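This report concerns only the one structure given below.
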Amino acid sequence: EAATLRNTFKDDFLIGTAMNTPQIEQRDTKAAALIPKQFDAVTPENIMKAEEIHPQWGTYNFGLADKLVAYATANNIRVNAHTLIWHSQLPAYVRRLQSADSVRQFFTEHINTLASRYDGKVYSWDVVNEALNEDGTLRKSIFLQKLGDDYIVDAFRLAQQAAPHTQLYYNDYNIEQPKKRAGAVAVVQKIQAAGVRIDGIGIQGHWRAGHVPFDEIEKSIVEFGALGIKVMFTELDLSVLPNPLNGNTADVNQTAAYNAQYNPFAAGLPDSMQQQLASDYEQLFKLFLKHKDKIGRVTFWGVNDGQSWLNNWPVRGRTNYPLLFDRQFAPKLAYYKVIESKTKS
Ligand code: G3I
């Protein structure tokens with residue numbers, strides 16, 4: 001049997017991918033063929049966010065989430081549901097709410113409905129997503145402003161009651177960085193001190209090739225693991241492109257100079273960058289394997305390079321190469337280095 005990601009890491013941690021909407025609708029037949037061979041965990045990239053699954057108060061679009069659960073069950077794949085409470089991708093009716101009571105009512109109904117419906121059907125929930133600022137303080141979201149500092153504990157308490165058989169996670173980006181990491185530790189400890197269950201923490205892992213903060217990542221695995229919860233890498237991808245600075249979010253293609261600076265690999269990824277990406281992924285997986293007792297799952301944010309959100313962020317229309325499979329679904333050098341990280345470890 002040929003080595004795949006799934007069978008290579010089967011005794012170590014779950015290995016996942018985000019699934020976009022065409023994939024969940026089973027319109028992307030190439031991805032549908034590849035995913036069950038390579039992955040044993042999936043996270044819906046968009047369809048379980050409030051804006052999509054709860055577009056009008058009390059009206060839910062369960063169809064695609066149910067379809068995802070059926071697909072995952074048939075293929076022995078675990079679903080990480082994403083995400084219950086997030087300041088972004090909120091439906092317009094939530095953003096218009098004024099009173100604390102109405103926000104509390106949405107918050108409670110939304111968590112209860114989704115967590116109970118999928119209990120025993122999904123493996124885990126990202127209960128709260130991206131609640132922290134870079135300095136470790138709580139982000140001024142509608143939830144913080146209307147419900148106060150305890151809203152995160154409240155969200156986990158509601159989720160625990162509604163979904164007793166589901167793993168419950170806090171998920172965020174840059175929480176490997178010291179200040180934000182300290183904020184994340186405080187969030188977890190506050191939940192635990194309230195006697196509420198939290199099973200794991202998701203480090204998103206949107207990094208840049210050549211700039212991966214390996215030391216902070218390792219410290220984070222150790223520090224979060226010491227809290228008695230699983231550590232997940234939940235949205236892993238390594239951008240090969242420079243970030244336009246100072247809020248310059250003008251689209252590419254406006255000038256040749258802009259493209260040369262910010263979209264340099266439209267014609268293909270140079271070999272040196274291919275090597276950099278591969279060696280960064282290899283080093284990351286060596287680190288994950290070293291700490292595999294603490295790590296529950298490693299999920300890539302997308303199947304192939306052409307499907308990555310990083311082609312459209314922070315500007316649209318770039319050509320990025322952040323994943324293990326190329327635009328034709330062929331495994332890249334980075335894929336083979338990830339597999340090798342296991343056989344050489
Ligand atoms: O599907 C609609 C399409 O019908 C419409 O015409 C088009 C016009 O804008 O939008 C399409 O929806 C977009 C969707 O992606 C699917 O492509 C949304 O506008 C766009 O906002 C959405 O972006 C997603 C983003 O979260 C915001 O929700 C990305 O796909 C998704 O990769 C990204 O994922 C987040 C995680 O949830 C949390 N952590 C960060 C990560 C990256 O931003």
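A short reminder: the numbers here are calculations on the coordinates, not readings from a lab. Just so we're clear, the structure is a prediction, and the values are computed from it rather than from any experiment. FYI the Cβ positions are ideal-geometry reconstructions off the backbone, even for glycines, and counts take in every protein chain you see.
Tabulated data for the structure shown
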{"read-out": "Percentage relative contact order, segment 117-245, counting C-alpha pairs under 8 Å, at least six apart", "value": "25 percent"}
{"read-out": "Computed P(r) (all Cα pairs; segment 152-199; 5 Å bins; percent)", "value": "5, 22, 28, 22, 14, 7, 1"}
{"read-out": "In range of the label at Ala186: residues from segment 106-131 whose backbone nitrogen is under 17 Å from the point 7 Å along Cα→Cβ", "value": "130-131"}
{"read-out": "Amide H contacts under 5 Å for Asp119, placed H, 5+ residues apart", "value": "none"}
{"read-out": "Likely footprinting exposure, Lys344, Lys121, Lys337, Lys67, fewest C-beta neighbours within 10 Å first", "value": "Lys344, Lys67, Lys121, Lys337"}
{"read-out": "Alpha-carbon centroids, segment 63-122 and segment 289-340: separation in whole Å", "value": "26 Å"}
{"read-out": "DSSP bridge pairs, the chain: antiparallel proportion in percent, nearest 5", "value": "10 percent"}
{"read-out": "Among Ala267, Pro22, Asn133 - extreme Cα towards positive end, dipole of segment 5-343, charges at beta-carbon", "value": "Pro22"}
{"read-out": "Of Leu84, Leu323, Leu269, the one that fluctuates the most in a GNM where the chain has Cα springs shorter than 10 Å", "value": "Leu269"}
{"read-out": "Charge dipole (debye, nearest 20) of the chain; +1 at Cβ of Lys and Arg, -1 at Cβ of Asp and Glu", "value": "200 debye"}
{"read-out": "Ellipticity estimate at 222 nm from DSSP helix runs (n ≥ 4, -39,500 (n - 2.57)) divided over the chain, nearest 500", "value": "-12000 deg cm²/dmol"}
{"read-out": "Under the Debye formula (equal points on every Cα, no solvent term), log10 I(q)/I(0) of segment 5-343 at q = 0.16 Å⁻¹", "value": "-1.53"}
{"read-out": "Amide H within-cut-off set for Phe300, under 5 Å, with H built and near neighbours excluded", "value": "Gly16, Thr17, Ala18, Leu236"}
{"read-out": "³J(HN,Hα), Karplus 6.51/-1.76/1.60, whole Hz, each residue of segment 212-226, x for Gly, Pro", "value": "6, x, 4, 5, 5, 5, 5, 4, 5, 4, 5, 5, 5, x, 5"}
{"read-out": "Hz values of 3J(HN,Hα) by residue in segment 175-185 - Karplus curve (6.51, -1.76, 1.60), Gly and Pro given as x", "value": "7, 7, 7, x, 5, 5, 4, 4, x, 5, 4"}
{"read-out": "Gain in span if fully extended, Gln98 to Lys219, counting 0.36 nm per residue against the direct Cα distance", "value": "39.5 nm"}
{"read-out": "Least to most buried among Glu176, Glu235 (fewest other Cβ within 10 Å first)", "value": "Glu235, Glu176"}
{"read-out": "Magnitude of the charge dipole, segment 194-345, Cβ model with Lys/Arg +1 and Asp/Glu -1, debye to 20", "value": "320 debye"}
{"read-out": "Cα-based equivalent ellipsoid of segment 30-182: semi-axis lengths in Å, sorted from largest, via gyration tensor", "value": "26, 19, 14"}
{"read-out": "Sequence-separation-based contact order of segment 5-343, relative, with Cα cut under 8 Å and 6+ spacing, percent", "value": "16 percent"}
{"read-out": "Relative exposure of Tyr71, Tyr151, Tyr170, Tyr93, judged by other C-beta atoms within 10 Å (fewest first)", "value": "Tyr93, Tyr71, Tyr151, Tyr170"}
{"read-out": "Cα-only Debye scattering, segment 209-345: base-10 log of I(q)/I(0) at q = 0.12, 0.15, 0.18 Å⁻¹", "value": "-0.53, -0.79, -1.04"}
